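Okay, structure first, notes after.
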Amino acid sequence: MELEKKLDELSAKVDKILETQELILNKLNQGIVLSKESILDNSTNKKLSKKEIQNIKIQEIKESIELRLKYGMIFKRQFNLAIIPSNERIKFYLRSNDSKAFDGLKRK
């Protein structure tokens, strides 16, 4: 009885992992990967070395540059903006698909 309960719990966890994996793969196929969660899993309580922290920061900078290069000029032309929008505005627009993200940047 207890073994069956644990098996059901394990099965539910595996199903959740598979759903998450499918979602990630779909986002990768679309070319858009946005996350509100931290890259690091705080539940492990594992201390990162300076090199690992540096690599994470470098990866974040690379993603930031790629995002700006990929969408910056497209959105500047599409919404008639005076300057290339910041990464935060680009991320907000990609998440919400709301053109209000670029208010204040539009040419008059």
Candidate lysines - alpha carbon under 23 Å from residue 51, same-chain residues fewer than 8 apart omitted: 62
Modelling each spin label as a point 7 Å along the Cα-to-Cβ direction, I'd like the residue 48/residue 27 distance in nm, to one decimal. 1.7 nm
Length gained if residue 66 through residue 8 is fully extended, taking 0.36 nm per residue and subtracting the Cα-Cα distance, is 16.6 nm
The correct ranking of 1, 73 by accessible area at 1.4 Å, largest first, is 1, 73
Between residue 79 and residue 20, how high is the FRET efficiency from 1/(1 + (r/R0)^6) when r is the Cβ-Cβ distance and R₀ = 25 Å? Nearest 0.05. 0.15
Straight-line reach check, residue 76, cutoff 16 Å on alpha carbons, 8 or more apart in-chain or any other chain, hits among lysines -> 91, 100, 106, 108
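The values are calculated or read from the model by the stated rules, or taken from the named source; none is laboratory data. Keep in mind that what you see is a predicted model, and the values were worked out from it rather than measured. FYI the Cβ positions are ideal-geometry reconstructions off the backbone, even for glycines, and counts take in every protein chain you see. Only protein heavy atoms, including side chains, enter the accessible area calculation; ligands, DNA and RNA are left aside. Shrake-Rupley method; radii C 1.70, N 1.55, O 1.52, S 1.80 Å.
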